[in-house]
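Here's the structure, in structure tokens; my notes come after.
Values in this text are rule-based calculations from the coordinates and carry no lab data. Quick caveat, the model's predicted, so the values are computed rather than measured. When we count neighbours, we look across all protein chains shown, and the Cβ atoms used for this are built from the backbone with ideal geometry, even at glycine.
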Amino acid sequence: MEDGVTATQVVFWILAVVMLVSAIGVITAGNIVYAALFFIAALAGVAGIYLILTVEFIALVQLLIYGSAVVILILFALMLTRARERPQALFGRSRPLGIAAALGLMAALIGGIVATTWTTPESSSAIQPVGLQTIGDAIFTIWIVPFIIVGVLLSIALDGAIMLASPDEDDN
Amino acid sequence: MVLSEFAGVSMPDWIDAILRIIFIVALMTIMAFALIYGERKILARFQARVGPTRTGPIGTLQSIADALKLITKEDVRPITADRWAFELAPYMAFVPVFLVFVPMPFTETWFIRDLNLGLLFVFAVLGLNIVGVVMAAWGSDNKYALLGGVRAAAQAISYEIPMLLIVVAVVMVAAGRLAVDGDASAAGSINSIVGDQTTTPYILLQPLGFFIFIIGMLAELHRPPFDMPIAESEVVGGYFVEYSGMRWGLFFLAEYTALFLLVVLASSLFLGGWNWPFGADVGLGLQIVLTLVKTTVMIVLVIGSRALFPRLRIDQLMSFSWKVLLPFAIIQVIANGIILSYGGADWVVGLVSFGLLVALGGLVYYIMRRKQGEGTRTVQTTPATPRVITAPEVTPVEAGGD
């Protein structure tokens with residue numbers, strides 16, 4: 001990695017190919033469990049991109065939250081249903097609507113990327129890694145209100161899930 | 001860095017990297033052999049047997065003989081199994097565990113890499129292990145495997161949360177103490193946490209943390225009394241019921257390696273790793289001995305718990321994590337935050353944590369007494385797991401891929 005741009009670029013392209021292939025796999029896999037497994041590969045690729053950008057913290061959190069917890073919950077739900085059977089029809093009557101939404105999102109994203117003026121650092125050594133303490137200070141001082149709101153939202157979601165799942169008789 | 005220092009020559013990065021990988025694989029295999037032999041011997045003592053004696057001197061070559069048997073055994077795949085999920089699952093379970101070796105400090109300078117976010121790395125990577133378990137469970141197309149896999153996933157998610165919270169509490173204490181020397185941001189590195197425990201192992205500062213960590217560790221590793229995912233009498237071996245030969249061996253290797261690594265982690269976080277009680281001044285030879293002694297003592301405890309405790313039920317396991325461990329872990333984090341932000345002394349932190357541990361013990365004892373008093377000791381069928389699960393219907397024709 002020390003010899004600069006080339007090695008990073010090679011890693012980037014490998015990750016990009018992995019991400020693209022698995023992202024296409026997610027939507028084309030007929031089997032929904034395969035789709036979830038491809039999803040893990042795509043998210044791991046995103047974590048790799050974060051590593052290239054020298055934000056190890058975000059990369060690890062990405063793996064911890066999305067790579068294991070979220071995908072495991074998805075797989076958990078799939079395994080308890082009849083996920084092995086192929087879905088009867090991949091496309092329903094709302095197909096044009098879906099295509100329109102996808103194209104709209106794509107246009108918005110590409111437009112956003114093109115419209116942004118990207119600042120390029122002088123060299124790769126000019127990029128300073130952001131320390132964990134900086135992130136922590138930012139979250140718990142400047143952004144404390146959004147942080148608390150997200151926390152409250154998550155607890156409400158958790159409580160709601162418990163309410164939905166708990167049996168009517170309170171024998172627990 | 002380690003290896004270059006060892007050999008006294010400088011080498012290119014990629015050779016260094018390859019050497020480190022070879023080192024990990026060798027260490028991992030030897031550890032697994034030693035642990036399996038140790039487990040069989042210790043367990044045998046608990047059950048008034050002698051364990052393996054025939055292969056090699058006092059049975060020491062038994063694990064190697066078993067490994068040879070596994071390698072030469074036929075690798076069977078059920079015809080209805082999902083080909084890709086079934087064949088890739090062992091690797092998916094094995095590789096994350098393998099990666100956890102990276103930030104483990106065996107002495108002050110012997111580690112693969114001293115990651116600044118080492119603790120987070122351990123849990124982020126170890127969590128991926130469960131993906132392999134779930135793939136195996138689903139891919140085997142066997143209802144026992146599926147049940148075992150669902151249990152394993154539920155257990156892993158439930159016990160990961162209190163464990164992570166308690167690690168946060170430990171990092172808070174470490175950051176408070178390291179801030180005195182100047183660099184609190186190093187508190188995420190396992191090696192600097194060990195480096196801080198020259199006089200005080202963190203078990204004195206966070207006794208509740210040690211307790212929750214050990215419980216969570218046993219649950220994450222599917223060790224008794226938390227071995228419902230692989231219980232022979234309930235789910236005939238769980239998620240690897242359909243595996244044979246070396247693929248089964250990989251699951252086994254992953255499990256024992258994870259046991260070794262989590263025990264090293266526990267002894268680094270709470271028992272002072274290579275540091276306490278002699279300090280960093282002793283030679284590296286003695287540091288590795290210290291690490292291994294602490295690790296061995298804890299491994300004997302873990303193996304002993306297999307012989308001493310009866311298996312829990314799955315609903316007891318879930319209740320214990322969500323209703324007891326998680327609230328206490330949260331209280332510990334909040335208490336540490338309050339004490340440390342007002343500059344409380346170390347003994348206050350330790351005393352509060354010990355008080356919480358006593359409260360936890362008292363609460364569990366009280367609940368158990370009350371339940372016994374009610375006379376409801378018969379097995380209650382809780383509707384949580386058994387009702388919902390419908391095993392996938394076996395359609396022999398389907399088998400994806402062939």
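Amide hydrogen proximity for B:G56: with H placed 1.01 Å from N in the peptide plane, the residues at 5 or more positions away or on another chain lying under 5 Å are B:L61.
Here the Karplus curve 6.51 cos²θ - 1.76 cosθ + 1.60, taken at θ = phi - 60°, turns the phi angles of segment B:116-123 into couplings of 5, 10, x, 5, 5, 4, 4, 6 Hz, with x standing for Gly and Pro.
Near B:K294, which lysines are there with a Cα under 22 Å away, not counting those fewer than 8 places off in the same chain? Correct list for B:K294: B:K41. In this rough spin-label picture, where each label sits 7 Å from Cα along the Cβ direction, the A:T54-A:A101 distance is 4.0 nm. Per residue, the convex hull spanned by the Cα atoms of chain B measures out at 172 cubic angstrom.
Working note: Karplus 6.51/-1.76/1.60 with θ = phi - 60° gives segment B:265-277 the couplings 5, 4, 6, 6, 6, 10, 10, x, x, 7, 8, 6, x Hz, where Gly and Pro are set to x.
Among residues other than B:P201 whose Cβ falls under 14 Å from its Cβ, what is the net charge (Lys/Arg +1, Asp/Glu -1)? So the surrounding residues net to 0.
The residues neighbouring B:V180, those whose beta-carbon lies less than 13 Å from its own, together hold a net charge of -3 under the Lys/Arg +1, Asp/Glu -1 convention. Semi-axes of the equivalent ellipsoid for segment B:110-248, computed as √(5λ) from the eigenvalues of its C-alpha gyration tensor and ordered from largest down, come to 36, 16, 11 Å. Straight-distance candidates among the lysines for linking to B:K371, with alpha-carbon spacing under 23 Å and chain neighbours fewer than 8 residues away dropped: B:K323.
On a straight-distance basis, which lysines could pair with B:K73 in a cross-link, Cα separation under 18 angstrom, same-chain partners fewer than 8 positions away excluded? Hits, sequence-local ones excluded: zero. Computed over the Cα atoms of segment A:1-87, pair by distinct pair, the Kirkwood hydrodynamic radius stands at 13.9 angstrom. Say R0 is 35 Å: what FRET efficiency, to the nearest 0.05, do A:F12 and B:F23 get from their beta-carbon distance? Calculated value: 0.75.
Quick one: if you take sqrt(5λ) for each eigenvalue of the C-alpha gyration tensor of the protein assembly as shown, what semi-axes come out, biggest first, whole angstrom? Don't skip to the answer; put the middle values down first.
Working: eigenvalues 240, 219, 167 Å².
Semi-axes (√(5λ), whole Å): 35, 33, 29.
Could you tell me the convex hull volume per residue, in Å³, taken over the Cα atoms of segment B:1-118?
203
The modelled label-to-label distance between B:V282 and A:S155, using points 7 Å beyond Cα along the C-beta direction, is 4.6 nm. A simple rule links phi to the HN-Hα coupling: the Karplus curve 6.51 cos²θ - 1.76 cosθ + 1.60 with θ = phi - 60°, which for segment B:134-146 gives 5, 4, 4, 4, 6, x, 5, 6, 9, 6, 5, 4, 5 Hz, with x for Gly and Pro.
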